[in-house]
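*Asks:* Pasting a structure here, questions to come.
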Amino acid sequence: MTPADIAIAVEDPRWVETLPEVEALCRQAAIAALADAAHELGPLPEGGLEVSLVLADDAMVQDLNLRYRGLDKPTNVLSFAALDDEDAPEPEDGPLLLGDVIIALETTVNEAAGEGKTVGDHLAHLVVHGVLHLLGFDHEDDDEAEEMEAKERLILGELGIADPYLETAEEPDEAR
């Protein structure tokens, strides 16, 4: 696989208090999603890829959700794909920026508890879900949702994480 730069910004220090290994877990989940996609998407840019992960709190995510989606509430994960802008220039050298994935702490912790999952496993799922959105996967209709969920199950299984859809019919709520 082409090298990937996974930039991680821990905006809320409670992430590290909750999961001391949070950055390593996020990096591993993002790289696994990118590696899986590389098999399907073909050769990736020579300069590699860059993904930005932001570990935020509910207030930051709620603000972004309101500004970009018109929804005045927090959500678990928001994805902002740079590739959605067809006019964005591709770098001549250096990595291709795929976009940003922002994850809300309180919502993630509460969902994990409510679904009987560890925070680490749920966070890995949200990272994989967000990165797949950056790569163009979606769940706007049933066929897309089935395809995306199958990819998530496969990637998470390779990471030793149980099927996140077994116990719940709820899927992550995000923006592209």
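*Asks:* Being of a type outside the set (A, V, I, L, M) and at pLDDT below 95 narrows it down to one of GLY94, GLY70, so name that one. Please lay out each step first, then the result.
*Replies:* Working: GLY70 fails: at pLDDT below 95.
Answer to the check: GLY94.
*Asks:* Within segment 148-176, take every residue that is exposed (fewer than 15 other Cβ atoms within 10 Å of the Cβ) and over 22 Å from LEU25 (Cβ atoms) and give me the one that is modelled with the lowest pLDDT.
*Replies:* ALA169
*Asks:* Of the residues that sit in segment 135-153 and are within 15 Å of the chain's Cα centre (by Cα) and part of a helix (DSSP H, G or I), which one is farthest from LEU83 (Cα to Cα)?
*Replies:* Applying the filter and picking the extreme gives ARG153.
*Asks:* Does segment 1-20 hold any residues that are modelled with pLDDT of 95 or more and either among the basic types (Lys, Arg) or over 22 Å from MET60 (Cα atoms) (or both), and which are they?
*Replies:* If the condition is that a residue be modelled with pLDDT of 95 or more and either among the basic types (Lys, Arg) or over 22 Å from MET60 (Cα atoms) (or both), then ARG14 is the only one that fits.
*Asks:* May I pose another question? Filter segment 49-63 for residues that are crowded, with 18+ Cβ neighbours inside 10 Å and among the small types (Gly, Ala, Ser); which is nearest to ASP36 (Cα to Cα)?
*Replies:* Per the criteria, the residue is SER52.
*Asks:* If a residue has to be assigned to a helix (DSSP H, G or I) and in contact with a Gly (Cβ under 9 Å, 6 or more places away or on another chain) to count, how many in segment 154-163 make the cut?
*Replies:* Summing the residues that are assigned to a helix (DSSP H, G or I) and in contact with a Gly (Cβ under 9 Å, 6 or more places away or on another chain) in segment 154-163 gives 0.
The values are calculated or read from the model by the stated rules, or taken from the named source; none is laboratory data. Computed from a predicted structure; not experimentally measured. Glycine gets a Cβ as well: all are built from the backbone with ideal geometry, and neighbour counts include every protein chain shown.
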